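Structure first, commentary second.
Just so it is clear, none of the values below were taken in a lab; they were calculated from the coordinates. This structure is a prediction, so every number in the text was calculated from the model and none was measured. Positions of Cβ are backbone-derived with ideal geometry, glycine not excepted, and every protein chain shown enters the neighbour counts.
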Amino acid sequence: MESIEENVPLASAHQRALDGTRRLQRILTSMSEATKLEQTLDPEDKSPLDLVKLLGTMTASYQATYKSVPFQFATRVEEATTLGCPDLIGQMLDKLISNAVEFRTDGDIVVCLRENIRHQWQITIDNFGPLLPESMIDQIFSPMVTVREKQSTDQTHLGLGLYIARIIAQFHDGQICAANLADSNGVRVTITLPRLG
């Protein structure tokens, strides 16, 4: 008759195998999402879009969703038209805001819209929390890159959310980047999109 102690390693190995299978399934699902997105992007889905209205509506929606997190939307622009797909830009913002909420430790998450010196629309998302490692700032929008220190067996983060955000920005002839705030209190993600007209 086997002792309880002899069964422990077998049970532990079985649990590790199950955890590994779940992680692999999440990896395949996430990679499939990115691949499907790239395959379905169609320039004909773009139409004139006012970023002031879109960002105002979405920031209010995030405030309703993340009730314990304060949000601000700041702009001095009355209308900011670009050629885009609202669903895709919404998907990009969802991923960036989710990331900002996860890493926020204090203060408001601030969404700002302005015109930059190149006459492009510039959206910034500031969150106050841990800084990005300098060595990873240029990598975080690449697939399979994450700056999370700890990962539980239930939540495998692949860095594909920011990669998908980059795909969407590039589809809109835009750019996306991240940097630590000048006062070292947090991180700013910047999306640049072309003006229409």
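Hey, how much of the P(r) for region 34-103 falls beyond 13 Å, as a percent of Cα pairs?
For region 34-103, the fraction of Cα-Cα distances above 13 Å is 70 percent.
If we count every other residue with Cβ under 13 angstrom of residue 113's Cβ, Lys/Arg +1 and Asp/Glu -1, where does the sum land?
Net charge in that neighbourhood comes out at -1.
Can you tell me the dipole magnitude for region 41-84 around its Cα centre, using point charges on the Cβ only (Lys, Arg +1; Asp, Glu -1), in Debye to the nearest 20?
I would put it at about 340 debye.
Run through region 102-132 and list the trypsin sites (Lys or Arg not before Pro) located in a DSSP loop whose Cβ has at most 13 other Cβ atoms within 10 Å. Numbers along the way, then the final one.
Numbers: sites: 104, 114, 118; in loops: 104, 118.
Listed in order of number, the matching sites are 118.
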